[in-house]
Amino acid sequence: MEYKTIFGILKDCVQPIENIVGKRLPLDEIKLISFYFGGELLNQVPKITSKKRAIVVCSNGLIVAKLMLKTLTDIFPELIFLTTASAREFAEYESDYDVVFTTVPLNTTALQYIVPPLLSEDDQVHLRIKVLRDLMLEDIHKETTEIINIIKKYTKLNKETAIRNEISSYLADLKITDAAITKTSAPKEYLPLSFYLKEKYITLSKQKFRDWQEALLTTCKPLLEDHVITEDYVNKLIEQLSDPNSYFFLNEKIAIPHSLPEDGVNQEACALLVSQHPIVFPGDHEVNFIVPFALLNSDRHLYALNQLISFSENSSVQEALLEAATNREVFRIIEGIQSDQRF
């Protein structure tokens, strides 16, 4: 990812040279320069003297909170991540922490970064640069002071403040590098969406539902009949989704209602409703797909969630599902969804 970013920058940088010589530079040459230049940058990876403690606050529910935690842990190996929490739980959290990553603004004196639940690759790079820059400020200030003191031994400084600021800025630019985010294939313990979804848990609907509650109950019916979840679990989902400030949606395309295992989960599974008519949830969230999840205490669903994210970003897959005539056809499409593997 870091070399891809540098390659993109260099392609823009060499355009004036190409205009002068009247030729395009070979892509292989630009790639080679990217590796040389990138190698120098990566040798400047900032070192934080002591590991800072971070907490993740997510209003999107358990599934997305776990994905955020996994993503942020990969982006910031320099940090110790303590836990995930809702905004309510965060207000009661008493442990010491230095950094907060949150989907909603919070009342805290710690460094706070408001991030979307789903971070693109560019978002990840920019977030890493910003956070590491902020965390490095103390070290940069110390180094700047040491440099100023050395200069003072040999000359008189007339504009010390301006010189100090320029040195600090230079050191910050020198120390910060693009994030090295390695994408790997899904580990064996992560399970695909097709593991949780059975053909009999799929509902195709051409009718227009009276309201979102009827649509949700229709979606959950196969899970109830198979004793995957209890009535209490469905009632909990309705309670959560009734709050217009709740957020259980992926890119405003798919609703993924879910709750804690103790609210009525007997086994792991999910259902799928494909509705020809949009379903409007509180908060004006309009979707054609509902995927209620029943999960136990495990991270095995992260790969399945990545497939759902890919699904929510792929209009061709959505159109294919809306045109599908049978549950079998829908299941085949779900099996074919490729995750972009944000692990």
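The values are calculated or read from the model by the stated rules, or taken from the named source; none is laboratory data. Being a predicted model, the structure only gives us computed values, none of them experimental. Positions of Cβ are generated from backbone atoms using ideal geometry, with glycine treated the same way; all protein chains shown enter the neighbour counts. Note: accessible area is taken over every heavy atom of the protein model, side chains too, but ligands, DNA and RNA are not part of it. Shrake-Rupley method; radii C 1.70, N 1.55, O 1.52, S 1.80 Å.
The number of residues in region 138-147 that are surrounded by 14 or more Cβ atoms within 10 Å (Cβ to Cβ) and at pLDDT below 85 comes to 4. Entry remark, region 99-115: residues being touching a helix residue (DSSP H, G or I) at 6+ places or on another chain (Cβ under 9 Å), open to solvent by 60 Å² or more (accessible area, probe 1.4 Å) and under 19 Å from Lys70 (Cα atoms) number 0 in total. One residue stands out among those in region 70-84 that are hydrophobic (A, V, I, L, M, F, W, C) and either part of a helix (DSSP H, G or I) or open to solvent by 30 Å² or more (accessible area, probe 1.4 Å) (or both): the one that is farthest from Ile55 (Cα to Cα), which is Ile75. Taken together, Leu191, Leu197 contain a single residue that is in contact with a Lys or Arg (Cβ under 7 Å, 6 or more places away or on another chain), open to solvent by less than 60 Å² (accessible area, probe 1.4 Å), farther than 30 Å from Phe37 by Cα and at pLDDT 80 or above, which is Leu191. One residue stands out among those in region 200-234 that are open to solvent by 50 Å² or more (accessible area, probe 1.4 Å) and not charged (D, E, K, R): the one that is farthest from the chain's Cα centre (by Cα), which is Gln207.
Tyr154 falls short on exactly one of the conditions (1) closer than 21 Å to Leu67 by Cα; (2) open to solvent by 80 Å² or more (accessible area, probe 1.4 Å), and that condition is (1). Every test in (1) surrounded by 12 or more Cβ atoms within 10 Å (Cβ to Cβ); (2) at pLDDT 85 or above is passed by Leu132 save one, and that test is (2). Which of the residues that make up region 317-335 are open to solvent by 20 Å² or more (accessible area, probe 1.4 Å) and either closer than 28 Å to Lys66 by Cβ or charged (D, E, K, R) (or both)? Within region 317-335, Val317, Gln318, Glu319, Glu323, Arg328, Glu329, Phe331, Arg332, Ile333, Glu335 meet the criteria.
Taking (1) part of a helix (DSSP H, G or I); (2) touching a helix residue (DSSP H, G or I) at 6+ places or on another chain (Cβ under 7 Å); (3) open to solvent by 10 Å² or more (accessible area, probe 1.4 Å); (4) of a type in the set (A, V, I, L, M) in turn, Leu237 satisfies each apart from (3). Of the residues making up region 293-316, those that are over 19 Å from Gln276 (Cβ atoms), open to solvent by less than 30 Å² (accessible area, probe 1.4 Å) and not polar (S, T, N, Q) are Phe293, Ala294, Leu295, His301, Leu302, Ala304, Leu305, Leu308, Ile309.
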